[in-house]
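This report concerns only the one structure given below.
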Amino acid sequence: MKIQVFDTEAQLASHVASLLAAKLEESLTIGFATGKTMVSIYEHLKLNPPRTIKARATMLDEYLGLRANDERSYAAFLNHHVFSPLHFPNSQIFLPQDLSDPIKASLSYEKAIHNLGGLDLQLLGIGLNGHVGLNEPGSSKESRTRVVKIAESTRVANQNEFSSLEEVPTQALTLGMATLREAKNLWLIANGEKKSEIILKFLKGEVSEDVPATLLRDHPGLTVFLDKNAAKKIS
Ligand code: GLP
């Protein structure tokens, strides 16, 4: 595992965005993530976009129970922040299909990723409870792409995108821990003091399903990018 710490969130985002732009110019399969952490990276990516896009895009997780094309879906988020501004070729975007049958959609999506030759790179944020994707505490190392219940604390954390807590979906489709562990490279990114406690647990705490991110700690291709506020408790 490599850990890189940056003085500011902007420096972190700009660095990751420039690495990502270079990867997008290669024929790789890259898994995109959502969340506030990713917004600053995608903003920097727009400022210094790849010259050409050869990569294929997949996504990490998706809410269930929203209307198709709901602007709060993660697919809409990625479309707004990445695919549309970068003019990502549609034929190179692979998203879960037909969420009206979520179990079938999960199995098909796991297969689709396999058929793409697996993930060369997966971007990851981290939830305050240690979730990655929406692999909430209790997710096993062997878990695959599947339907999950979203933890209440995660629903509360994500509430600001919705008008009330009741509207926040209770279920999601997420790539599993085993699916993520099979990616060649994982870039886990965190910023802000709010994340410092979970970063401490992720990097120095016991490896346990209670903090799913710890199940990635022995991954040979893991790089952790932090700003100094998120890294506060590990230094
Ligand atoms: C969300 C997403 C995760 C993301 C995490 C952190 O629930 N499903 O993929 O990594 O929470 O989000 P943020 O960057 O907003 O803190």
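The values are calculated or read from the model by the stated rules, or taken from the named source; none is laboratory data. Just so it is clear, the structure is predicted and the values come from calculations on it, not from any experiment. Cβ coordinates were reconstructed from backbone atoms using ideal geometry, including for glycine residues, and neighbour counts include every protein chain displayed. Please note that ligands, DNA and RNA were not included when accessible areas were found on the heavy atoms of the full protein model with its side chains. Shrake-Rupley method; radii C 1.70, N 1.55, O 1.52, S 1.80 Å.
With a cut-off of 12 Å between beta carbons, the residues surrounding Gly138 carry a summed charge of -1, where Lys and Arg count +1 and Asp and Glu -1.
Need one number: the % of Cα-Cα pairs in the range 1-119 sitting beyond the 24 Å mark. Intermediate values should be presented prior to the final figure.
Details: 2051 of 7021 pairs.
In whole percent, the share of Cα-Cα pairs in the range 1-119 beyond 24 Å is 29.
Considering only the range 133-235, what is the antiparallel percent among its DSSP beta bridges, to the nearest 5? Of the beta bridges lying entirely in the range 133-235, close to 45 percent run antiparallel. Counting only protein heavy atoms and using a 1.4 Å probe, what share of the accessible area of the chain belongs to carbon plus sulfur, as a whole percent? Ligands and nucleic acids excluded, carbon and sulfur reach 50 percent.
So in the chain, what percent of DSSP beta bridges are antiparallel if you round to the nearest 5?
Working: 8 of 29 bridges.
Counting only bridges with both partners in the chain, antiparallel ones make up about 30 percent.
When the chain is treated as a Gaussian network with alpha carbon springs shorter than 10 Å, the biggest mean-square fluctuation among Ser100, Ser14, Ser40 belongs to Ser100. Using a probe of 1.4 angstrom and keeping all protein chains present, the accessible surface of the range 2-227 works out to 45 square angstrom per residue.
Extending 7 Å from Cα along the Cβ direction at Ser208 and again at Leu128 yields two label points whose distance is 2.0 nm. Using a Gaussian network model of the chain in which every pair of alpha carbons under 10 angstrom is joined by a spring, one finds that among Gly130, Gly138, Gly65 the greatest mean-square fluctuation is at Gly138. Taking 28 Å as the straight-line reach from the Cα of Lys204, the lysines in range (excluding those fewer than 8 positions away in the same chain) are Lys2, Lys36, Lys141, Lys149, Lys184, Lys194, Lys195, Lys228, Lys232, Lys233.
When a/c reaches 1.5 or more, the comparison of a/b and b/c decides; with that in mind, is the chain rounded, prolate or oblate per its Cα gyration tensor? Rounded, since a/c falls under 1.5.
Think of it as helices only: each DSSP H run of n ≥ 4 in the chain is worth -39500 (n - 2.57), and spread over all residues that comes to -8000 deg cm²/dmol at 222 nm. Dipole size of the range 13-110 about its Cα centre, with +1 on Lys/Arg Cβ and -1 on Asp/Glu Cβ: approximately 280 debye, rounded to the nearest 20.
Each Lys and Arg contributes +1 and each Asp and Glu -1, all at the Cβ; summed about the Cα centre of the range 2-227, the dipole is approximately 520 debye.
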